[in-house]
Amino acid sequence: MSPLTAEAVFVAPRTLPEVYTALEALGPAATLLSGGMSLMPMLNRGIGPRDAIVSLGRVDGLAEVTLRGGRLSIGATATHTAIARHPLVARSAGVLATAAGGIGDLQVRNRGTIGGAVAHGNAGADYLTVLSALEATVVIGGSAGERRAALGDFVLGLRSTDLRHGEVVTAVEVDGSAPDAAAFLRYHRVQGAAPTITAAAVIRDDRTVLAIGGATPTPTVVRVSSVEQALAAVDAACAANPLGDAHNPPDYRRAMAAVHTRRVLEEAAA
Amino acid sequence: MIDIELTLNGRPRRLAVDPRESLVDALRERARLTGAHVGCRTASCGACTVELDGNTVKSCCVLAAEADGRAVRTVENGAEPGELDDVQVAFAEAQGMQCGYCTPGMVVSVRNLLDRIADPDDDEITRGLAGNLCRCTGYVNILKAVRLVRDRRLGRV
Ligand SMILES: Cc1cc2nc3c(=O)[nH]c(=O)nc-3n(C[C@H](O)[C@H](O)[C@H](O)COP(=O)(O)OP(=O)(O)OC[C@H]3O[C@@H](n4cnc5c(N)ncnc54)[C@H](O)[C@@H]3O)c2cc1C
Ligand code: FES
Ligand code: FES
């Protein structure tokens, strides 16, 4: 660990307006901290500024899960553990609970939050995939007010989002009525490692939405008319925007994307 | 430096910490509780596992400042050196360790698991310990230790 030299600040406001004020006052040096499960490993490696931390951990009510006006709203600091167990999530969006319960390990789920995962925007992240298939909306707050964005418009690329400095993801919303059927699959080669492929399918009366994460920089989302059409669409997306690393090169991810497209659609339809 | 007040192993405790300091460093270097180990600082290995408000966390990736006003329970759990609880005894008897580096984190996770699930099956034990890596034992004797303490508590052995 690099030596701690300059003076540092840590603030943990109790309200969102105070968070926005702190972010504005501290400027670009400010680092927003939620569960820390993606951020802290980087700070510990010396990546990124860490002399001005603004924590969301004490904001009152930010972890709340509510069902209002037909929308299920999940507060940004709801942990993976809380989402996996929440009865409202189970009732309205069971696949989301399934996805949350499979992330990392217990200690990671006890700290990591949905807002942090969405803001981090990592390819293949379980939430991005399942929330894409659930056609989620991201609620973003800032000193200028609140705005909403479809998840697909919010996540712009690999770990890149439409979040501007001073803005905070405050909640994620999905349809509060449970889909007719749904399935979620995660495929990882080593236990504890990030998933290679995540796949979600959500069937409602007038549409089936498929999302495949991990084969392209952002989830590939397909309105499904047939398994063959979905396979072709996913394969075309993988060819156009390949993603890969030494352990899981692009060709391998592309092949696994096809396998999991078929599998998740079959499982949802079963 | 900032002052934090926490309940540490059941007792109120005040610590002066750097705002960037991890909880594991504050525990080891300021509170002199060296049970929680540092293996990776990337939330991967679980050697630094402690309970924060009753939930297991990897204390290398929690800021000490975040523990202000909260309850932290470490592997020491207020005991004197040499005083072992039934989980630690079972690890010793089943040889659930070799080098012992992972053991404090394992013990904290096992205590937490058995608090949540009194009679876990092998699948539940494995999932409860998925965040704790051991490079020595191959986990077989760790599972034995957990089954042993479970069965003793339930009066089966
Ligand atoms: C061992 C391990 C295994 C993991 N396995 C998986 C896995 O299988 N699948 C998976 O999907 N993820 C996995 N993760 C990542 C985990 O899900 C993280 O919790 C998540 O990516 C980030 O959430 P966080 O609350 O921890 O955010 P943090 O780490 O606190 O923050 C992440 C980033 O988002 C920003 N941020 C945080 N909250 C907000 C907000 N509300 N508004 C705006 N910006 C914000 C931060 O500034 C930072 O840049 C794993 C992590 C670890 C350590
Ligand atoms: S040192 Fe904390 S998880 Fe490895
Ligand atoms: S006993 Fe050596 S790492 Fe577990």
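Computed values, structure above
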item	result
Shielding score for A:39-46, defined as the mean number of other chain Cβ atoms within 10 Å	5
Where N is the number of residues in region B:114-157, Cα Rg divided by 2.2 N^0.38 Å	1.15
Peptides A:38-50, A:168-180 ordered by average Cβ neighbours within 10 Å, highest first	A:168-180, A:38-50
Calculated P(r) tail over 12 Å for region A:9-54, as whole % of Cα pairs	59 percent
Highest-fluctuation residue, B:Glu80, B:Glu93, B:Glu21 considered, GNM on chain B with Cα pairs under 10 Å	B:Glu80
Mean separation of Cα contacts under 8 Å (6+ apart) over length of region A:181-269, as relative contact order %	30 percent
Choice from A:His260, A:His247, A:His188 showing the highest fluctuation, given a GNM over chain A with Cα pairs closer than 10 Å	A:His247
Most fluctuating residue given options B:Ala31, B:Ala47, B:Ala79, as computed from a GNM of chain B linking Cα atoms under 10 Å	B:Ala79
Accessible-area ranking of A:Tyr187, B:Tyr139, A:Tyr127, largest first, probe 1.4 Å	B:Tyr139, A:Tyr187, A:Tyr127
Relative contact order (%) - criterion: Cα under 8 Å, at least six apart; region: chain B	24 percent
Paramagnetic reach from B:Cys136 (point 7 Å along Cα→Cβ, amide N under 11 Å) across region B:80-98	B:95-98
Average partner coverage of B:120-132, which counts Cβ from other chains inside 10 Å	2
Heavy-atom accessible area order for A:Phe184, A:Phe154, largest first, 1.4 Å probe	A:Phe184, A:Phe154
Rg(Cα) / (2.2 N^0.38 Å) computed for region B:1-128, rounded to two decimals	1.04
Nearest-20 debye value, region A:181-269 charge dipole, Cβ charges on Lys, Arg, Asp, Glu	140 debye
Square roots of five times the Cα gyration tensor eigenvalues for region A:163-234, Å	23, 20, 14
Average other protein chain Cβ within 10 Å of Cβ, residues B:44-50	2
Computed Kirkwood radius, in angstrom, where 1/r is averaged over Cα pairs of chain A	19.0 Å
Qualifying GluC sites (Glu not before Pro) in region A:6-54, DSSP loop, other Cβ atoms within 10 Å at most 13	A:Glu7
Pairwise centroid distance, computed over Cα atoms, of region B:79-143 with region A:57-113, Å	28 Å
Fraction of the pair-distance distribution of region A:120-270 above 25 Å, Cα-Cα pairs, percent	28 percent
In degrees, nearest ten, helix B:103-116 long axis to first principal axis of chain B (Cα)	80 degrees
Percent breakdown of C-alpha pair distances by 5 Å bin, ordered from the shortest bin, for region A:30-107	3, 14, 21, 19, 17, 13, 8, 4, 1
Percentage relative contact order, chain A, counting C-alpha pairs under 8 Å, at least six apart	15 percent
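The values are calculated or read from the model by the stated rules, or taken from the named source; none is laboratory data. This one's a predicted model, so the numbers in the text were calculated from it and none came from an experiment. Ideal geometry is used to build each Cβ from the backbone, glycine not excepted, and the neighbour counts take in all protein chains shown. Surface areas here come from the heavy atoms of the whole protein model, side chains and all, with no ligands, DNA or RNA. Shrake-Rupley method; radii C 1.70, N 1.55, O 1.52, S 1.80 Å.
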